[in-house]
Amino acid sequence: MSLPIDSAKTGRLLYNNAVQHEAAGILVRSKLFAIGQRLGFNELKREHMTLVAAELITNQIKYAQGRGMIQIWEQPGPTLDILALDYGPGIRNLSLAQQDGYSSHQTLGKGLGSIQRLADEAYIYTRPGESGAQGKPWTGTAVLARFHAGNNGKAAHSAKRADEVGLFARALTDERFNGDHIYLRHRTAGPRWLHLDGLGHGQSAQETTSNLMGCMDDAMQATTVLQAVDERLHGSRGAVAILAEIDRKAGKLALYGVGDMQAYVIQEEQLHRFSFSPGVLGKEFKLPTPVHADLANGAVVVTVSDGIRRSWDENSFPGLFRQNAQLIAYVLGNIMGRISDDQSLCAVRLS
């Protein structure tokens, strides 16, 4: 069984920078080498990472005209993600663009194909249209290249996984402390996760929501989990939260929400939105009535803190929710994240 996930220890943003010219590649290569070495990636994997990053940067310079960025994330595994996201015109024919030898700029056209070969996993989402502008829907391209530590990354990925999990947790202005926190356990029945937003910002907000994995014992009922968290938070700032449970065999979702958090279920091209009653764990708290939903195979469940804007639906990102859960989390987090708050999002796809 997979190890528990604590977003403060994994799911961390390690590097974030704009891509406006080729000099961006120097910083990224240096960062990748140091991070890859620290996480135990061998020399060949580190070389593949730098080649992939170079291709991503080159593509953004060619097509996004300085409206792109590149990020490096550490995820459970250990896994290292390189994300390139831009606000350019998008790719109108993605299948054609992925073929070696194709280029709309009269170059060798091997970028997307080489990324898919060199990475252990690679996912691409694009929304073509006019260049993104304020007040208009996002257009552009997001490419996720994922590397697993060890020599058998692709083999490990080919093994069947029960569920896909995507995490996005980013502190306000990328400060050290993040009051948003996600704890996830892969139970036999299906995943259970506790998604918290500590009131306020900074170190005290992070301390409020830290070290709560012990409240997530598999044998505990959902209401008991929330009561245990409430007791632990007495005397603190308090937090709002969602506890989500999936019963994979029955195809059922149960949501227990306290305060200003939101959850979404996306399936069969339809989005269902769930809000919750007021309350603060550790302050003023009543046991919530659970919200239940039926889940079909491939359904995506998304929980978000109020650091993620809510002005989106299934039409805002056509085709996104058929993508890998981690790419879903990165796209929504980066595009819809507020710059005035800690940001967090958990996306789980039922398989």
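Taking the Cα-to-Cβ direction at R38 and at S275 and moving 7 Å from each Cα, how far apart do the two end points lie in nm?
4.1
Please list, in chain and number order, the residues 5+ apart from N17 or on another chain whose amide H is under 5 Å from its amide H, with Hs placed from the backbone.
Here I70 satisfy the definition.
Note down the net charge around R12, summing +1 for each Lys or Arg and -1 for each Asp or Glu among other residues with Cβ under 10 Å from its Cβ.
Here the count lands on +1.
Suppose each label sits 7 Å from its Cα in the direction of the beta carbon; what would the A250-E268 distance come out to in nanometres?
It is 2.0 nm.
Mind ordering 324-333, 40-49 by average Cβ neighbours within 10 Å, highest first? Don't skip to the end; give the middle numbers.
Values: 324-333: 24.4, 40-49: 16.9.
Listed from highest to lowest mean packing, they are 324-333, 40-49.
In cubic angstrom, how much convex hull volume per residue do the alpha carbon atoms of the range 163-350 span?
Numbers: hull volume 19.1 nm³, N = 188.
With only Cα atoms used, the range 163-350 gives 101 Å³ per residue.
For S277, S305, S204, which order do you get if you count the other beta carbons within 10 Å of each Cβ and list the fewest first? If you can, show how the numbers build up before the last one.
Details: S277 10, S305 29, S204 14.
Listing S277, S305, S204 from fewest to most nearby Cβ atoms yields S277, S204, S305.
When the chain is fully extended, how far beyond the present Cα-Cα distance does H21 get from M213, taking 0.36 nm per residue of separation?
Between H21 and M213, full extension yields 64.8 nm more.
Taking the Cβ of each residue in L255, L287, L3 as the centre, tally the other Cβ atoms inside 10 Å and list the residues starting with the fewest. Intermediate values should be presented prior to the final figure.
Details: L255 21, L287 14, L3 10.
Ordered from fewest to most neighbouring Cβ atoms within 10 Å, L255, L287, L3 come out as L3, L287, L255.
Report the Cα centroid-to-centroid distance between the range 243-269 and the range 289-351 in angstrom, as an integer.
Distance between centres, Cα-based: 11 Å.
For the chain, take the longest principal axis of its alpha carbons; what is the angle in degrees between that and the long axis of helix 43-64, to the nearest 10 within 0 to 90?
Result, in degrees: 80.
What residues qualify as long-range amide H neighbours of R338, i.e. H under 5 Å apart, gap of 5 or more or another chain, H built at 1.01 Å from N?
I308, R309
Please report the relative contact order for the range 1-75, taking Cα pairs under 8 Å with a sequence separation of at least 6, and give it as a percent rounded to a whole number.
Rounded, it is 54 percent for the range 1-75.
So for the chain, what percent of the C-alpha to C-alpha distances run longer than 40 Å?
Result: 11 percent of Cα pairs exceed 40 Å.
Of all the C-alpha pairs in the range 3-64, what % are more than 13 Å from each other? Don't jump to the answer; show the numbers that get you there.
Numbers: 1256 of 1891 pairs.
Value for the range 3-64: 66 percent of Cα pairs lie more than 13 Å apart.
GNM, the chain, Cα, under 10 Å: largest mean-square fluctuation among G179, G235, G259?
With Cα springs under 10 Å in the chain, the top fluctuation among G179, G235, G259 is at G235.
Can you give the extra length, in nm with one decimal, that the chain gains between S340 and L287 once fully stretched, where that is 0.36 nm per residue apart less the Cα-Cα distance?
Values: separation 53, 0.36 × 53 = 19.08 nm, distance 2.98 nm.
Here the segment from S340 to L287 would lengthen by 16.1 nm.
Per residue of the range 182-199, in order, report the coupling 6.51 cos²θ - 1.76 cosθ + 1.60 (Karplus, θ = phi - 60°) as ³J(HN,Hα) in whole Hz, putting x for Gly and Pro.
10, 10, 9, 10, 8, 7, 4, 6, x, x, 10, 9, 10, 10, 10, 10, x, 5
Could you sort the peptides 58-67, 117-126, 191-200 by per-residue average Cβ neighbour count (10 Å cutoff), highest mean leading?
The peptides rank, most packed first, as 191-200, 117-126, 58-67.
Neighbour counts of other C-beta atoms within 10 Å: give me E164, E314 arranged from fewest to most.
By the 10 Å Cβ count, ascending: E314, E164.
Let me have the relative contact order for the chain, percent, based on Cα pairs under 8 Å that are six or more residues apart.
Details: 790 pairs, mean separation 55.6, N = 351.
Across the chain, relative contact order equals 16 percent.
Where the only charges are on Cβ atoms (+1 Lys, Arg; -1 Asp, Glu), what is the dipole of the chain about its Cα centre, to the nearest 20 debye?
Working: 36 positive and 35 negative charges, 117 e Å.
Result for the chain is approximately 560 debye, rounded to the nearest 20.
Bear in mind these aren't lab numbers, they're just calculated from the coordinates by the rules spelled out. Everything numeric here is computed off the predicted structure, so don't read it as measured data. Note: ideal-geometry Cβ built from the backbone for every residue, glycine included; neighbour counts use all protein chains shown.
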